[in-house]
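Structure first, commentary second.
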Amino acid sequence: MIERIMAQKLRDMSEWFPVVSLTGPRQSGKSTLIKAVFPEYEYLNLENPEVRRAALDDPVGFISRRPDHLIIDEAQYAPELFSMIQVASDERGRAGQYVLSGSQNFLLMHNIQQSLAGRVGMLKLLPLSYQELSDTQISLDTYLIRGGYPRIYDAGIPTDMFYQNYLMTYVERDAGGLLDVRNLSSFRKMIGLCAACVGGLLNLSRLAADVGVATATISSWLSILQSSYLVFLLQPYAGNMRKRLTKAPKLYFYDTGLLCHLLGIHDERSLMNHPLSGEIFENLVVSERQKAYLNRGIEPTLVFYRDDSKREIDLIDLTEPARPQAFEIKSGATYRDTFARHLRSVGSELGIPAKDRAVVYHGSERYDTEGASVVPAEEFLLRES
């Protein structure tokens, strides 16, 4: 098992809250992590039909007959349990009683908000980060193509085989069953089209026309992809500026391995020659920034900047309000001074000091230039934040 950065934060949460919830995409390593961190807890998985039936038939007895240190995996399958967990945890009044995990954020969070608000420490576990795989000596490009799903590394599953089965399971089982998506072929087509517009401004009307469904349907399906941790939207900067700012978000994937699979990229040559290679590299840097924060239990505030003068900054980190940071992301291995042009002008207008502006590129040399630093992506991704 590859050591997960989140392990210590998970332990901390169990000392502070009576209930801890761990969400994330399917097969991101949630079950493995919680069983490793809490080996003394009883473990129940509601994907087991018999266990699920017992929970649904008698939620009161299901909880009352269990010990007060209990892991319930895929807890969203039995929403009736949540009110009983509330009653039991309130009666005992101790931290660290229950650990709940699930792959459907919307369903799990809905149940938590209904019954367990204020009693739960919440964490999100994404696939392995580049930092977590640093001991494997994996190259950045190989990681970008493979992605970070643990089974690819632990079980040695060929990447194409893994993602082919992953998508089949997700579309047919989760979207078609648990989330009640009726038109699975169009839903699957939308996932592919999301990959084709990665890193670009999201246009729901165009996406709906390309898929052949209503815009409202696309909006609903996109929410499903977000709650399943397949994609996320990077919102535009919305501060008080004299310039008119774009209002459309950008779309990215949480895992570049899945993204590359959807785009038919299987090796470094096909990555290098792909017309979206720059956007894929940008996706890598942005998604790894997300992981760096989430692995430490911090919900990041990340945005991008684009105004009507076509000035753009790929990533602005507002997670620490007193220390905003700005990053321009370039997939090339050679730095050019034009890369930092918007970092200098926009960064100054936003009050971001030069020391907190950087061009993140695919080269190997680190140095400072006027108004910004130049940082190799590999070094940048190995930072905590």
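Coordinate-derived values only; no laboratory data. Everything numeric here is computed off the predicted structure, so don't read it as measured data. Please note: Cβ atoms are built from the backbone with ideal geometry, for glycine as well, and neighbour counts cover all protein chains shown.
Name the longest site-free stretch of the chain, where the excluded sites are trypsin sites (Lys or Arg not before Pro) in a DSSP loop with no more than 10 other beta-carbon atoms within 10 Å.
95-181
Evaluate the charge dipole of the chain about its Cα centre and quote only its size in Debye, nearest 20, assuming +1 on the Cβ of each Lys and Arg and -1 on the Cβ of each Asp and Glu. Each step should come with its number before you reach the end.
Numbers: 42 positive and 47 negative charges, 189 e Å.
Result for the chain is approximately 900 debye, rounded to the nearest 20.
For region 71-89 and region 371-385, what is the separation of their C-alpha centers, rounded to whole Å?
Here the two parts' Cα centres lie 42 Å apart.
Given a Förster radius of 56 Å and the C-beta distance between Leu382 and Val60 as r, what FRET efficiency does 1/(1 + (r/R0)^6) yield to the nearest 0.05?
E between Leu382 and Val60, to the nearest 0.05, is 0.70.
Compute log10 of I(q)/I(0) for region 28-186 with the Debye formula, placing one identical point scatterer on every Cα and leaving out solvent, at q = 0.13, 0.14 Å⁻¹, to two decimals.
So the normalised log intensities work out to -0.74, -0.84.
Note the full-extension length gain between Ser364 and Glu40 as 0.36 nm times their separation in residues minus their Cα-Cα distance, in nm to one decimal.
Here the answer is 112.1 nm.
For Ile329, what residues show an amide H to amide H distance below 5 Å, using hydrogens built from the backbone and excluding near sequence neighbours?
The list, which skips near neighbours in sequence, is Asp314, Val360.
If each of Glu299 and Ala248 carries a label point 7 Å out from its Cα toward its Cβ, how far apart are those two points in nm?
2.7
Which one of Val360, Leu382, Ser345 has its Cα pushed farthest toward the positive end of the charge dipole of region 312-385, where Lys and Arg give +1 and Asp and Glu give -1 at the Cβ?
Working it through, the farthest residue towards the positive pole turns out to be Ser345.
If you average 1/r over every pair of different alpha-carbon atoms in the chain and take one over that average, what Kirkwood value in Å do you get?
22.2
Between Ala155 and Arg341, what's the calculated FRET efficiency when r is the beta-carbon distance and R0 is 56 Å? Round to 0.05.
0.75
Can you work out ³J(HN,Hα) from phi for every residue in region 108-114, in order, using Karplus 6.51 cos²θ - 1.76 cosθ + 1.60 and θ = phi - 60°, giving whole Hz and x for Gly and Pro?
Karplus values, whole Hz, x for Gly and Pro: 5, 5, 4, 5, 5, 5, 6.
Could you give the length gained by full extension between Glu312 and Arg182, i.e. 0.36 nm per residue of separation minus their alpha carbon distance, to one decimal place?
Stretched fully, the Glu312-Arg182 segment lengthens by 42.9 nm.
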